[in-house]
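Every number in this text was worked out from the coordinates using simple rules, so none of it is lab data. Values in this document were obtained by computation on a predicted structure and should not be read as measured data. No Cβ is skipped: glycine too gets one built from the backbone with ideal geometry, and neighbour counts run over all protein chains shown.
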Amino acid sequence: MLKRNPLSVKKLLITIDGPAGAGKSTVSRALADRLGYRYVDTGALYRGVAYIASHRGIAPQDDAGLSGLLEGLTLNFVPGDSGQRLTANGEDITDAIRTPEISMLASAVSARAAVRAFLLRIQRELGQQKAAVFEGRDMGTVVFPEADVKFYLNASTQVRAQRRFAEVKAKSDVSIEAIERDMQRRDLQDSSRALAPLKAAPDAVMIDSTELTIDQVVERILAHVRAVLEPA
Ligand code: DC
């Protein structure tokens, strides 16, 4: 039986924003586990839209094509044997969305107003129950400006590229230089777009993970969360 976690009695909505490769997913998942909260990877939703668009031959700049696609699209997170799965109209696309091509396409479609509006609604619905850790680019600024605790996680470009390289080198022959170049392109695209650009909310706790382990980042975040849950 699961032990009741005293920290999770109060249902907070926690947001973690930051650039690609800063460790957001690992940290958010670990934090959600520790608190007994849900973990919501909002980047997966943008990847889902990008994946379906690429399958149907719809270019990221084709707003009419994207709007048509969104009208008939149902994205769902469903529990799986080893964590959460993402389905698009019932098809499991969890693994298919994790390619460098879909990363770049997701960044491109995420600049389009129709895509952001469509996913904003889904994300807010998912956040209604609180007791969740939401990870993305605009969680603390646009989607949940009223979140209980907000974090902005960053790390040097070199360290982010090294971490991503360590993750993918077993399954792909991509070079660390290519990863770093793609990451910089994507960061620039995500932070310079007009709509909901990547940036820290003014009230976010800033954490630079360049010289920290995942555990150290999680502990630092938990210390802030505890202070909100159990004010002195
Ligand atoms: O977190 P990720 O790398 O899976 O995200 C893929 C892309 O989706 C990212 O480059 C920008 C976009 N994105 C976004 O615009 N807003 C979010 N909240 C999450 C992701």
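Details
- For R29, neighbours were defined as the other residues whose beta-carbon sits under 12 Å from its Cβ, and their charges (Lys and Arg +1, Asp and Glu -1) total 0.
- Karplus-derived 3J(HN,Hα) values for segment 55-70, using 6.51 cos²θ - 1.76 cosθ + 1.60 with θ = phi - 60°, are 5, 8, x, 9, 6, x, 8, 7, 4, 5, x, 5, 4, x, 4, 5 Hz; glycine and proline are entered as x.
- If R0 is 22 Å, the Cβ-Cβ spacing of E219 and S156 corresponds to a FRET efficiency of close to 0.60.
- GNM on the chain, alpha-carbon springs under 10 angstrom: the most fluctuating residue among N154, N89, N76 is N89.
- Computed P(r) (all Cα pairs; segment 1-128; 10 Å bins; percent): 11, 41, 33, 12, 3, 0
- Couplings 3J(HN,Hα) of segment 214-228, computed from phi: 4, 4, 5, 5, 4, 4, 4, 5, 4, 4, 5, 5, 4, 5, 7 Hz, in residue order, whole Hz [Karplus 6.51 cos²θ - 1.76 cosθ + 1.60, θ = phi - 60°; x for Gly and Pro].
- Lysines with Cα under 23 Å of K130, excluding same-chain neighbours fewer than 8 positions away: K3, K10, K11, K24, K150, K199
- Lys, Arg +1 and Asp, Glu -1 on Cβ, resulting dipole of the chain about Cα centre, debye, nearest 20: 440
- Residue with peak Gaussian network fluctuation, the chain [Cα springs, cutoff 10 Å], from T15, T99, T157: T99
- Pairs of Cα atoms nearer than 8 Å and 6+ residues apart set the relative contact order; for segment 1-92 it is 16 percent.
- Overall, the ratio between the Cα radius of gyration of the chain and 2.2 N^0.38 Å, rounded to two decimals, is 1.00.
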